[in-house]
1. DSSP loop (so not H, G, I, E, B), at most 10 other Cβ within 10 Å: list which chymotrypsin sites (Phe, Trp or Tyr not before Pro) in segment 553-654 pass both filters.
2. Taking the chain on its own, what percent of its Cα-Cα pair distances exceed 32 Å?
3. Which helices, taking whole DSSP H runs in the chain, have alpha carbons extending 15 angstrom or more along the helix axis plus mean Kyte-Doolittle at least -1.0?
4. Quickly estimate the mean residue ellipticity at 222 nm for the chain, helices only: each DSSP H run with n ≥ 4 gives -39500 (n - 2.57), and the total goes over all residues, rounded to 500.
5. When the Cα centres of segment 435-488 and segment 281-300 are compared, how far apart do they sit, in Å?
6. Can you pick out the pairs among Lys349/Lys588; Lys588/Lys616; Lys555/Lys616 whose Cα atoms lie more than 28 Å from each other?
7. Under the rule a/c < 1.5 gives rounded, and otherwise a/b versus b/c splits prolate from oblate, where does segment 7-221 land using the Cα gyration tensor?
8. What's the exposure ranking of Ile47, Ile419, going from fewest to most Cβ atoms within 10 Å?
Amino acid sequence: MQSLWNDDEARSYAAQGELGLRVYTSRLLGRDPQLVLHGGGNTSVKIREADFFGHEQNLIYIKGSGWDLATIKIEGFAPTRMEPLLRLSAFDVLSDTDMVTQLRAAMTNPHAPTPSIEAILHAVLPATFVDHTHANAIVALTNNPHGAELVQKTFGSRVLVVPYIMPGFELAKAVADLIKEKSLEGVEGLVLMHHGLFTWGSSARESYERMIQLVTEAEQAAPALAAPEAPPIDDWLGLATLRQSVSQVRGVPVLATLDASPAAVGFSNRPDVERLATQGPLTPDHSIRTKRIPAVIGDAIDASVHAYAAEYEAYFLRHAGPDHTQLFPAPNWSVWPGRGIVSFGPTVKEAGIVADIASHTAATIQIAEALGGWQALPEADIFAIEYWELEQAKLRQQTGAKPTLQGKVALVSGAAAGIGLAIGKVLHEQGAAVVALDINPDVVAAFQGPDQLGLVVDLTNQEAVKNAIIETVRRFGGLDILVSNAGIFTAGANIEDLDDSNWSRSLLLNLTSHEQLLKHCIPFLKKGIDATAIFVGSRNVRAPGAGAASYSCAKAGVTQLTRVAALELAPHNVRVNIIHPDAVFDTKLWTPEALQRSAERYGLTVEQYKKRNLMKCEITSRDIGLMVASMAGPAFAKTTGAQIPVDGGNDRTI
Ligand code: ZN
């Protein structure tokens with residue numbers, strides 16, 4: 001571990017005084033995932049400053065909850081009066097709810113975030129700067145039957161050792177008592193068993209560099225470890241099955257993030273993986289994201305997930321008090337022998353946070369095991385954190401509407417422009433992770449981001465189609481919504497004059513490629529959540545026009561394909577419907593000149609031509625996207641084999 005302190009960088013923060021430097025070294029801690037992960041850890045600085053009325057007072061600026069050390073700013077620190085914090089530390093008992101109320105009441109700025117629950121502990125430590133992390137090397141040392149000895153051997157009298165105590169008031173109280181008894185002369189930090197490390201100093205740099213120094217020494221205490229590595233076994237249908245089971249048990253669709261790195265697969269293959277993985281987290285804090293333990297997946301995937309859920313419910317009953325509300329019993333991550341580590345979450349971001357913690361957990365557990373035996377906290381201590389009264393209160397307050405398609409995975413063909421682009425964008429807006437396919441490379445830039453992926457695919461090449469489907473499953477864990485949209489307008493010609501190539505090109509792209517895409521998606525749709533296939537047809541199917549045989553016949557074929565697929569897939573709970581748009585002119589195909597020509601052919605103005613329907617309205621690509629999103633959502637959950645027009649009403653089809 002290296003100090004990342006840089007004089008030039010530090011100078012730009014120093015303009016804002018000690019608080020500026022507090023921000024700087026907090027960010028340095030946040031930059032290293034070996035020290036803190038996703039909102040873990042906290043820091044503070046004690047400052048004497050004048051309040052609004054000009055009275056000098058002692059404040060502690062403490063990290064606010066909801067802020068991440070890696071990206072914290074000055075406004076992420078809560079200015080809190082020292083005096084009430086020190087008085088609170090003299091209480092014998094204090095509930096967490098009362099503590100948080102008093103912490104907020106002690107703030108000098110009511111708009112600041114709520115102080116970290118470790119605020120009182122920071123306040124009682126008699127140093128200007130205090131840093132706290134859950135460094136992997138420290139938790140490897142302390143989650144161990146010989147933890148206290150290992151800490152003593154590594155650091156001697158430079159640290160005080162605190163046995164595990166639940167974070168919050170009780171821990172602060174224990175530390176206050178400890179430092180009353182023991183001199184802090186020559187002491188640089190506190191090692192909290194099964195939890196992490198505190199350091200302090202008179203400057204931001206001193207406190208930070210003591211953290212780096214102590215963690216480095218803890219790293220050096222671990223034997224050089226060659227953790228096993230192995231290549232993954234590909235099992236895409238298994239991954240979709242796992243995601244489906246977890247979603248069913250959780251009661252909402254989730255995305256699944258597969259870590260098939262050699263290290264993750266190596267861990268999953270360890271003969272002792274079940275014992276190692278199912279003891280508990282590195283630090284209790286993690287349990288809020290990861291739950292206490294992952295599921296270890298056996299050959300029967302669905303049964304493994306259900307066994308996990310049954311055991312979770314039993315764990316809840318073993319520890320729950322009368323006021324506890326049970327959280328969902330599905331795992332947040334799983335160890336899957338031969339395949340790696342799979343993490344779950346309703347969004348890519350949430351699954352990614354779990355995946356980061358899981359990967360550090362697997363690595364650190366193996367170091368602790370090599371140090372003489374991985375031993376996590378007893379489950380009652382983890383339960384106390386997972387079912388913390390503050391976390392339970394947050395749960396009760398949760399109301400916010402989540403996006404309709406959150407946790408769903410959609411695949412849209414022909415999505416570089418026009419209707420397909422609009423469909424992909426609306427599905428994404430409504431919460432789905434979207435993979436967009438097109439032969440036009442514009443699709444890559446149009447769908448970029450953690451939960452969007454644009455792939456260049458020739459839909460007439462079956463290998464390429466299969467690979468795109470696998471990429472979808474590899475990336476997001478499964479497939480729930482197929483939108484088969486890709487198509488070409490073939491030139492208008494009467495049958496007598498129709499080129500063979502016009503006919504065969506239309507049938508190949510407008511019909512056969514849809515059948516092939518559906519065929520290769522079906523095994524995954526069967527493992528989807530409220531899975532559906534939606535085809536894009538045309539008003540032409542029910543109201544054909546002269547001179548469009550190649551296009552209309554292909555679209556009629558897709559309509560029949562929809563109907564047959566609806567019959568075949570209903571027993572598997574996969575819905576299949578088709579949408580018949582008409583007169584969507586906001587696409588690249590319709591240049592102003594082409595519109596003008598067509599309008600003139602009917603003796604209409606462009607404006608009249610665009611609204612040539614019963615309702616006299618203009619149909620946009622976005623209208624089609626909105627209808628497809630509805631058809632993918634709960635409104636259509638019990639509809640299959642339907643043909644839905646979006647055409648403003650047409651007297652030839654009504
Ligand atoms: Zn902590």
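1. Details: sites: Phe585, Trp590, Tyr602, Tyr609, Phe636; in loops: Phe585, Trp590, Tyr602.
Sparse-neighbourhood loop chymotrypsin sites (Phe, Trp or Tyr not before Pro): Tyr602.
2. On the way: 123771 of 213531 pairs.
So the pairs more than 32 Å apart make up 58 percent of the total in the chain.
3. Numbers: long enough: 17-31 (21 Å, -0.11); 169-181 (18 Å, 0.48); 204-221 (26 Å, -0.72); 236-250 (21 Å, 0.13); 301-319 (28 Å, -0.09); 348-370 (33 Å, 0.67); 418-429 (17 Å, 0.90); 462-476 (21 Å, -0.25); 513-525 (18 Å, 0.12); 549-569 (29 Å, 0.53); 621-632 (17 Å, 0.83).
Those that clear 15 Å and a mean of -1.0 are 17-31, 169-181, 204-221, 236-250, 301-319, 348-370, 418-429, 462-476, 513-525, 549-569, 621-632.
4. Values: 26 runs with 286 residues, N = 654.
-13000 deg cm²/dmol, from helical runs alone.
5. Each part reduced to its Cα centre gives a spacing of 32 Å.
6. Numbers: Lys349/Lys588 34 Å; Lys588/Lys616 22 Å; Lys555/Lys616 25 Å.
With Cα atoms farther than 28 Å apart: Lys349/Lys588.
7. Values: a/c = 1.73, a/b = 1.26, b/c = 1.37.
Oblate.
8. Values: Ile47 17, Ile419 26.
The most exposed by this proxy come first: Ile47, Ile419.
Laboratory data are not the source of any read-out in this text; all were calculated from the coordinates shown. This structure is a prediction, so every number in the text was calculated from the model and none was measured. Cβ coordinates were reconstructed from backbone atoms using ideal geometry, including for glycine residues, and neighbour counts include every protein chain displayed.
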